[in-house]
Structure formats: C-alpha cells, structure tokens
Amino acid sequence: MSNFEKIQQTDKQYVANTYGRFPVAIEKGKGATCYDFDGKKYIDFSSGIGVNSLGFCDEGWVEAVTKQLTTLQHISNLYYTSPCAEAAKLLCERTGMKKVFFSNSGAESNEGAIKCARKYSLMKYGEGRSKILTLNNSFHGRTVTTLAATGQDVFHNFFFPFTEGFEFTPANDPDALKKALEDSSVCALMMEVIQGEGGVMPLDEAFVKEAERLCREKDILLIIDEVQTGVGRTGKLFAFEHYGISPDIVTTAKGLGGGLPLGCVMFGERTENVLVAGDHATTFGGNPVATAGAKYILEKMDAAFLDGVAEKGEYIRSRLEKMPHVLGCDGKGMMIGVRLDSEVKAADIVKKGIENGVLALTAKVKLRLLPPLTITFAEIDEGLDAIEKALEEI
Ligand SMILES: *Cc1c(COP(=O)(O)O)cnc(C)c1O
C-alpha cells in the first residue's frame, strides 16, 4: 500500500463521510508549493479555500505564531491579552470600523452579526422587526441559522426547522431590493459583495450603492459578509472598499488567521455598543496564538502588498483568457472565477489539474482560483501551465 492508500483507508474508516475528497493527501508545503505523501509536487491555487493568505508556512507568520505558542497559548476571555487587543486595533484602524468580536469561523461570525442586528433593532424599535434580508445565490455558513440565511435552495434540505426570519431578494436588482425593504419587519440586509460559493459573482457597484442608500433611509443595518473576500483577497484589505460604502457590520474569517481558525465581526458606529457583557461570547474566540498570527498578517498587508495582489490577479486573468475553452474571468484581485465553454466541466479541469500538479477549486460551474496572496510569478506560471495543459487535454 502507498502512503496515500494507508491514510485514505484510515480516514475512510474513522472520519465522518461528509467530504468528497480528491485522492490526494498533502504532507507539507512552503509558499504556494506543496507535496503529497508520495513526494509529488503541486502548485496551490486554492489556499485551503482562501485560508492560507500568506501561503504555506510563511516564515514571519510561523515565527509570530510560534513565539506566542511558547509564551501563552490560551487564557479565557475573562482576561486581557495583547495579541487580541493589537489585532482588533489594526482591523479598526485599517477599516474605519469601531470594535471587533473575534470568533472561530465564518458561520460563527455571521451568527454574531445576526444577533447584533436583531438586538439593535429590538432595543430601538421593539419587537416585530427582526427579519434579515439576504441575496439569492448567497452563502453564509452551515449552522442552522446561517443556512437559513443562505439563498440557495440546495442547502435547505433535511435539517428542518431552520431559524425563522430570513428572506431573499435577487442580486443586482435595485427595484426588487427596494420593494423587499418596504417590509417594516426587516432589520438588516446581509450580502457578499462578491458571491464566492455562489460562483464568484461580483455585485454591481450601482446596486451596492443603492442598497447602502436604501438601508440608511430606513435605519436598516448593512452587513457585509467578507468571510471569503476579506483580508487582502481582492486587492483591497476588504472588498467593500472597492464600492466606497460604509457597512454597519462586516464579518470575516477564512484568510484572517492565515491557516489557524479565526474569524471576526466588526462593528461600525451604529453597532459598536449593541452587544454588551453577557450577550455574546465564545471560548476560543480571540485566542492569542490565532490573533498573533492575524496581527502579523494585517501588518504585512500594506498598500504595496495589496497592489501586488491586484497585479498578480491581472496577470493570472490575462494568461487564462488566452487559454482554450476559457470565455472570461470574474472576480477581483486573486479571487478568480473562470467561465468555461460548454465543452468542458470545471470539476474535470480540477481533477485533471491535480494529475498535472495544480490544486484548484470550483464555484458552481466555474473554475475558481484563490492562490495564496504571496505566490510568486514563477509559481503562478507553473500552476497556469498545468491548468493550460488540463484545458488542452480534456
Ligand atoms: C466560507 C464562507 C462562510 C462560512 O465560513 P466557515 O468558516 O466555513 O463557517 C460564510 N460566508 C462566506 C461568504 C464564505 O465564503
């Protein structure tokens, strides 16, 4: 039996069968390059679904995390720690948001945002104004409540009853949004400015601006889910910056910990004091090791770094658009959705890509690339060569 087969056999026997895994087990990595247990090399265009923002085992990040790990790995949220405070300060200074609640995941961040929005409305307007509007084709997480918030029917099976108080409206349809917001029971609008799992679908600038205006008019909170788009992924620290809006609540997770489980909810001026002691908590949230890593990542993502993300994204797009079967690319920065013609399936390109030594993703019918933001041009070319080969061979 190969190393891989041994791992696969144990995993199949003991790990819950909730993932359709590819027949690969990754052992180690550096930068955007990793190796499986039988020594085969891969270029990583996935970052563990947008998580390893600085790639595998970035030296500075490892040092920051290790230093904290060997100093104090955890203490409860009943005490102050420096990394938690410092990471929150950086997030606020860089976004204009006022306060941060740290969580462990994207879904948990969105739960915090939903709780805050409902309390804000209850305290100000009383009962009966608790509905959260989200967009068709959105994705907000896998808990019973964030599944209810997710605007895709495929997720609304088996687990009834879902949390009540969610309704959906089509993306990029300002008239439908206006109508939906006339419902006086709505307290918040939650949306991704680029829908990730929904197929890398950017919202129109006019729609996002109009959404902000309509929300302001009625004191409806604007929640932006940046779990996938946040922390440099699109060439800005947060994707809402592309749209020139000021959300009331921003959630993020994936790239924030650079590979450690960390998410957060950021509160703006109207929401910073809504949740108070006893309202909301989480045992691991703001863990010093994870936040020490986040602090390192946020410090690293200066203007030059973010320009580099945009530049690499452009380069990747320009090469992809010359490849066979490619109709075009959606997304921003290094969040890239590749539209393919009907002769090929994105899932087959991913499979073939693995054979050729590249790890890529799909999002609905598109090929999705989320390379580590630190990827080098040499790695980009090597990965793109493998994708090009897959597109030619298929
Ligand atoms: C991945 C994702 C989530 C869920 O994050 P988890 O960490 O898996 O809970 C929520 N919203 C968006 C936009 C995501 O991409």
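The values are calculated or read from the model by the stated rules, or taken from the named source; none is laboratory data. Note that this is a predicted model, so its numbers are computed, not measured. Don't worry about glycine lacking a Cβ; one is built from the backbone with ideal geometry, like all the others, and counts go over all protein chains shown.
Taking region 107-164 as the region of interest, how many residues are more than 13 Å from the ligand (Cβ to nearest atom), of a type outside the set (A, V, I, L, M, F, W, C) and in a loop (DSSP other than H, G, I, E, B)?
Within region 107-164, residues that are more than 13 Å from the ligand (Cβ to nearest atom), of a type outside the set (A, V, I, L, M, F, W, C) and in a loop (DSSP other than H, G, I, E, B) number 11.
Confirm whether Phe166 is out of contact with any Leu (no Cβ under 7 Å at 6 or more places or on another chain), surrounded by 14 or more Cβ atoms within 10 Å (Cβ to Cβ) and aromatic (Phe, Trp, Tyr).
Considered against the rule, which asks whether it is out of contact with any Leu (no Cβ under 7 Å at 6 or more places or on another chain), surrounded by 14 or more Cβ atoms within 10 Å (Cβ to Cβ) and aromatic (Phe, Trp, Tyr), Phe166 comes out as yes.
Would you point out the residue of region 241-258, among those that are buried (at least 24 other Cβ atoms within 10 Å of the Cβ) and either without any contact (Cβ under 8 Å) to a residue 24 or more places away in the chain or not in a strand (DSSP E or B) (or both), that is farthest from the chain's Cα centre (by Cα)?
Asp248
Is it the case, given these coordinates, that Ala85 is in a helix (DSSP H, G or I), of a type in the set (Gly, Ala, Ser), within 24 Å of Glu269 (Cα to Cα) and at pLDDT 95 or above?
Here the answer is yes, as Ala85 does meet what is asked.
Go through region 138-163 and count every residue that is aliphatic (A, V, I, L, M) and surrounded by fewer than 20 Cβ atoms within 10 Å (Cβ to Cβ).
2
In the list Ile249, Ile224, which residue meets the criterion of being away from the ligand (no atom under 11 Å from the Cβ) and β-branched (Val, Ile, Thr)?
That would be Ile249, the only listed residue that is away from the ligand (no atom under 11 Å from the Cβ) and β-branched (Val, Ile, Thr).
Between a residue in region 381-394 that is within 14 Å of Thr33 (Cα to Cα) and any residue that is in a helix (DSSP H, G or I) and among the polar types (S, T, N, Q), which pairs come within a Cβ distance under 7 Å, given they are 6 or more apart or on different chains?
Close Cβ pairs (under 7 Å, with a partner that is in a helix (DSSP H, G or I) and among the polar types (S, T, N, Q)) amount to Ala386/Asn356.
Count, please, the residues in region 259-273 that happen to be closer than 15 Å to Pro247 by Cα and part of a strand (DSSP E or B).
Within region 259-273, residues that are closer than 15 Å to Pro247 by Cα and part of a strand (DSSP E or B) number 4.
State yes or no: is Thr169 within 16 Å of the ligand (Cβ to nearest atom) and of a type in the set (Val, Ile, Thr)?
Against the criterion (within 16 Å of the ligand (Cβ to nearest atom) and of a type in the set (Val, Ile, Thr)), Thr169 does not qualify.
Only helices (runs of 4 or more DSSP H) wholly contained in region 1-77 count here; list those with 3 or more residues that are more than 25 Å from Arg368 (Cα to Cα).
Hits in region 1-77: 3-14, 59-69.
Report yes if some residue within region 183-201 is assigned to a helix (DSSP H, G or I) and either out of contact with any Cys (no Cβ under 6 Å at 6 or more places or on another chain) or on the phi < 0 side of the Ramachandran plot (or both); otherwise report no.
No, the conditions are met nowhere in region 183-201.
Got a sec? Which of Gly263, Gly198, Gly278 is surrounded by fewer than 22 Cβ atoms within 10 Å (Cβ to Cβ) and within 11 Å of the ligand (Cβ to nearest atom)?
So the residue among Gly263, Gly198, Gly278 that is surrounded by fewer than 22 Cβ atoms within 10 Å (Cβ to Cβ) and within 11 Å of the ligand (Cβ to nearest atom) is Gly198.
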